[in-house]
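One structure is given below, encoded as structure tokens.
The values are calculated or read from the model by the stated rules, or taken from the named source; none is laboratory data. Given the structure is predicted, the values throughout are model-derived calculations rather than measurements. Virtual Cβ from ideal backbone geometry, glycine too; neighbours counted across all protein chains shown.
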Amino acid sequence: MIQENQVKRTVFNLQYDYYEIKETVYYAIRSDLPTAFGSGLFHTCNRGTLFDIKESRNEFRTWEELNYKHTLKRLNFEHRGRLEQRFLSDGYKNRIRYRIGFMANLNRDLKVASRFFLAFNDELYLPLDGVKIEKNRLFIGVGILLNPNATLMLGRLSDAPYNPSGNSRKNYLYMAVVYNLTRIPSRNSID
């Protein structure tokens, strides 16, 4: 199980305009084919409103996803398909998301524990109520595997929503610490 929280802002001040809180449970059919079920709360404000409830869009979302992973020398590829059920403050919608990504190992010795990597992914958001693209999200960044459980990443996340009133791209500085709780060894003790 992975628990993830995000806060985003479009400029470097204290005027946050987005946050999310989500949980995801994974199950591996095979080592290269994990599945997942998740849910989360998502809150989007107008730019610079500092979580103003009156000027916001709230959403509760559930999803099911399937990942396919494969490796080619120093490159790790991932294909992710996700079906989302979106309970919005103004109605209900479904959509499909498809993401392709890769991580390139930058260490010379592949067995070094603190592995440096380059990460890239591109994700399309496709609503089920018509043939169109709702959004394209592009990420590029670098990271370091601190230990088998913890990863630190830094990069640029670019959101390009497509809507009838015009396209508006948002760029974010992305910083993340990911901690995998499934790799913590259990302690067996006898009292």
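A few points about this structure:
- Hits in region 131-187 (condition: surrounded by 12 or more Cβ atoms within 10 Å (Cβ to Cβ), at pLDDT below 85, part of a loop (DSSP other than H, G, I, E, B) and of a type in the set (A, V, I, L, M)): none
- Any hit, region 50-64, residues being on the phi > 0 side of the Ramachandran plot and at pLDDT below 95: yes
- Test result for Glu123, of a type in the set (D, E, K, R), at pLDDT below 95 and within 20 Å of the chain's Cα centre (by Cα): no
- Any chance Ile2 is under 14 Å from the mean Cα position of the chain (by Cα), closer than 25 Å to Lys170 by Cβ and modelled with pLDDT of 60 or more: no
- Among the residues examined, Phe87 does not qualify as more than 22 Å from His43 (Cα to Cα), in contact with a Phe, Trp or Tyr (Cβ under 6 Å, 6 or more places away or on another chain), among the aromatic types (Phe, Trp, Tyr) and touching a residue at least 12 places away in the same chain (Cβ under 8 Å).
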